[in-house]
1. Quickly work out the residue 186-to-residue 171 label distance, labels modelled 7 Å from Cα along the C-beta direction, and quote it in nm with one decimal.
2. Output the peptides 159-171, 21-33 sorted from most to least packed, where packing is the average of other Cβ atoms within 10 Å over each peptide's residues.
3. Along Cα→Cβ, 7 Å out, is where each label goes; now give me the distance between the ones at residue 89 and residue 64 in nm to one decimal.
4. At what distance in nm do the modelled label points of residue 37 and residue 108 sit from each other, each positioned 7 Å from its Cα along Cα→Cβ?
């Protein structure tokens, strides 16, 4: 993806030896992405306290936002990838976050694609751009066998973003007592001996 040509990589991040670290910053046509750092705590607070975003992300206290920040920073340090803060190049304002993270989904270790934009950025294709970049980083840069995305059953827009980024519907899952639809970049092919 040509948008990743401006990427810079993490230096000295602890991650599995067989993976290259993800870029710490990259530019897309309308967005600039930068690795999540401590200074982005106000961005997370704004997201976690926004009523419209809380419907999908869940409302969080300041303490829960701080725990989320610490968990996401530790993920970057351990694995060499994680969340990026997205900035709208047209306005210079923060548009939201997107990224990749390890997650247990119904007892299966997965790498989940996450994208959350502030409501004023919805409907402009920015989520699709960021999601496609995350898929490219996950599959082509990091060499992950697949990436998954979760969407609320009631959110046709979130489902459409995942499909536009090349994910296909796989199944319904339950996360935190909420039914969600799981989409995947590639459905794993079982060895015929394993499927018996």
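1. Between residue 171 and residue 186, the label points sit 2.0 nm apart.
2. 21-33, 159-171
3. 3.6
4. Modelled inter-label distance: 3.7 nm.
Read-outs: derived from the displayed coordinates by stated rules, not from any lab. Bear in mind that the values here come from a model prediction, so they are computed numbers and not experimental data. All Cβ positions, even for glycine, are placed from backbone atoms using ideal geometry, and neighbour counts span all protein chains on display.
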